[in-house]
1. Considering the range 199-257 alone, what residues qualify as being among the hydroxyl-bearing types (S, T, Y), more than 16 Å from the ligand (Cβ to nearest atom) and crowded, with 20+ Cβ neighbours inside 10 Å?
2. So the check is Cβ under 6 Å with 6+ separation or different chains; which pairs have a first residue in the range 109-135 that's in the same structural domain as T152 (by TED's automatic domain parsing) and over 19 Å from G162 (Cα atoms) and a second one that's within 16 Å of the ligand (Cβ to nearest atom) and charged (D, E, K, R)?
3. Within the range 188-198, take every residue that is out of contact with any helix residue (DSSP H, G or I) (no Cβ under 7 Å at 6 or more places or on another chain) and charged (D, E, K, R) and give me the one that is farthest from the ligand (Cβ to nearest atom).
4. Within the group G76, G104, which residue is in a loop (DSSP other than H, G, I, E, B), within 16 Å of the ligand (Cβ to nearest atom) and closer than 14 Å to I247 by Cα?
5. Condition first: more than 26 Å from L107 (Cβ to Cβ) and of a type in the set (D, E, K, R). Now tell me which residues in the range 197-232 satisfy that.
6. Among the candidates A386, A376, single out the residue that is buried (at least 18 other Cβ atoms within 10 Å of the Cβ), outside any loop (DSSP other than H, G, I, E, B) and at negative phi.
7. Aromatic (F, W, Y) and without any contact (Cβ under 8 Å) to a residue 24 or more places away in the chain: which single residue out of W251, W327 fits that description?
8. Within the range 112-125, track down each residue that is more than 14 Å from the ligand (Cβ to nearest atom), modelled with pLDDT of 95 or more and not in a loop (DSSP other than H, G, I, E, B).
Amino acid sequence: MHTHLAASSVLSHRARASQSSVIRELLKLTEQPGILSLAGGLPNVDLLPAGKITEVAEAVLSASASSALQYSPTEGLGDLRSAVATRYQCDVGEVRITTGSQQGLDLIGRVCLDPGDVAVVEAPSYLGALQAFGACGAEIVAVEGDQDGLRTGSLGSQLAAGLRPKLVYVVSNFANPTGSTLSWERRVELATLADRYGFLIVEDDPYGEIRWSGEALAPMRTLTENCVTLGSASKILAPGLRVGWCIGPSWCLDAMTRLKQATDLHTSSLDQSILCGLLDDRVFVDGHVAKVIARYRGQAAIFSTALRELLGDQVSFADPQGGMFLWLTALDGSGSTRIFEAALSNRVAVVPGTAFGSGARCEQSVRVCFATLNEADLLTAAQRLAQAWPQSRP
Ligand SMILES: Cc1ncc(COP(=O)(O)O)c(C=O)c1O
C-alpha cells in the first residue's frame, strides 16, 4: 500500500516558508507572445560572444579535456582564480569561484545569518539577495536609498540607536533595480561603520565594468577588511556560463567553501575552464566589454530620450552612467502595480517597484531594463508604455 506524503509532514519549515519570487511569477506573464519585455535583467543576445566561446570551448576540450570534464576543487580552478585575481587586482588567496554570484549570496547568507539575525539592505534592493537572506530566517531591515545609494547617515543613526546587523548588503555600481551608484563619501562612511560596529559589508558588483560616464570608484573591499565583493561573468560575457566569484577575507570564504561542498561540490569545471580561456585573452575581453558599454550606452540614450519626449513631466528618472536599468518614478500619482498592469495590457512589460521592497520609493516606481531589446523594439516599447501610463492614474 502506498502512503501519500503530505507536504506538511515532510517539507521543512524553510521549504514551506519559501515562495517563488514575485518577479519570476511576473516574468511568466511577460513571456506571452507579442509582449515587448523591459522586465527581465537579461543581456542583449547580440552581445553573447557565441563565436569566441565556441572557439575557446574547442581549445579547452582538445587540450585539457581530462581536467575540464573531471571533478575539481570546491574553491574553484586555480587558473581561473588567478585570472580573476589579475583582472580585479587582488590576491589569488582572496578569490573563490561560485555558480553565478547568486550562489555567493546564498552562501554568504547561510554562513553569516542565523534565524532572527539582522541583514540590512537598501530600499529597494535586488530581489535575489532578499530571497537568499530571507531564506535564512534573517530579519531584513531596509534602509532608504537615493541617487547616491544607501543612505549611510540614516544607517549610522540606526546603528547608534542600537541596530546590530550581521551584514549590510549593497549593489555598489548601477544597482539593480535603481541604477544608482554608491557615492565615494558613502563608501568611506559605510566602511567606517563596518569597522566601528563589526558587521560584514556584502558588496555585490555585477555591473561595475559597464560604465560609460563618470569616474569609476574603488571597490568597498579596498576601504575595509570587513567586506566580501561578489563579481560575475553574467553581464559582461554570458549568464548561461553560471560563473561568479567572491573576493574577501578567508574566514568568510573558507566557511562558504565548506557549505558549497554540500551544495554542488564545485562549479562546472567545463564552464570555469571556458571562462578562464576567455579571461586569459585580455584583448578580447576588454574589447568585448567596450562593445557592451557602447551598445547599452546607445540604447539607454535612445530609450531615455523617447521616454522624456513621450512622458514628459509625468515621470522622473536619472540618466544612467552605466548598467542596464532605469528606475522610473511616477510624478502624477500613478502606482507601481497599476503601471505594471496597464503596461502589460498594452503589450509592454515592466517590473513594479513593490517587487523590490516597500515604502513610497517602491510604490510609485517601476524598473525597466534597456539592455535586452534592440533599438526599434525599445522605441515601440517606450510608445506602448507612454500610451499605458494615463490608464494607471488613480
Ligand atoms: C545585483 C545582482 N546580483 C546578483 C545577480 C545574479 O547574477 P548571476 O548569478 O548571474 O551572477 C544579479 C542578476 O541579475 C543581480 O542583478
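The values are calculated or read from the model by the stated rules, or taken from the named source; none is laboratory data. Keep in mind that this is a model prediction, so the values were computed, not measured. For neighbour counting, all protein chains shown are included, and Cβ atoms are generated from backbone atoms with ideal geometry for every residue, glycine included.
1. Applying the first criterion (among the hydroxyl-bearing types (S, T, Y)) to the range 199-257 yields 207, 213, 222, 224, 229, 232, 234, 250, 257.
From what's left, more than 16 Å from the ligand (Cβ to nearest atom): 213, 222, 224, 250, 257.
T257, the sole residue that qualifies.
2. Taking only residues 6 or more apart or on different chains, the pairs are A132/D106.
3. Step one: list which residues in the range 188-198 are out of contact with any helix residue (DSSP H, G or I) (no Cβ under 7 Å at 6 or more places or on another chain), which gives 188, 192, 194-196, 198.
Right, trim to charged (D, E, K, R) and you get 195-196.
On the way: D195: 24, R196: 26 Å.
Of everything passing the filter in the range 188-198, R196 is farthest from the ligand (Cβ to nearest atom).
4. Selected residue: G76, the only one of G76, G104 that is in a loop (DSSP other than H, G, I, E, B), within 16 Å of the ligand (Cβ to nearest atom) and closer than 14 Å to I247 by Cα.
5. Across the range 197-232, the qualifying residues are R211, E215.
6. Numbers: A376 fails: buried (at least 18 other Cβ atoms within 10 Å of the Cβ).
From the options A386, A376, the qualifying one is A386.
7. Numbers: W327 fails: without any contact (Cβ under 8 Å) to a residue 24 or more places away in the chain.
None of the other options fit; the residue is W251.
8. C112, V118, A119, V120 - these are the residues of the range 112-125 that are more than 14 Å from the ligand (Cβ to nearest atom), modelled with pLDDT of 95 or more and not in a loop (DSSP other than H, G, I, E, B).
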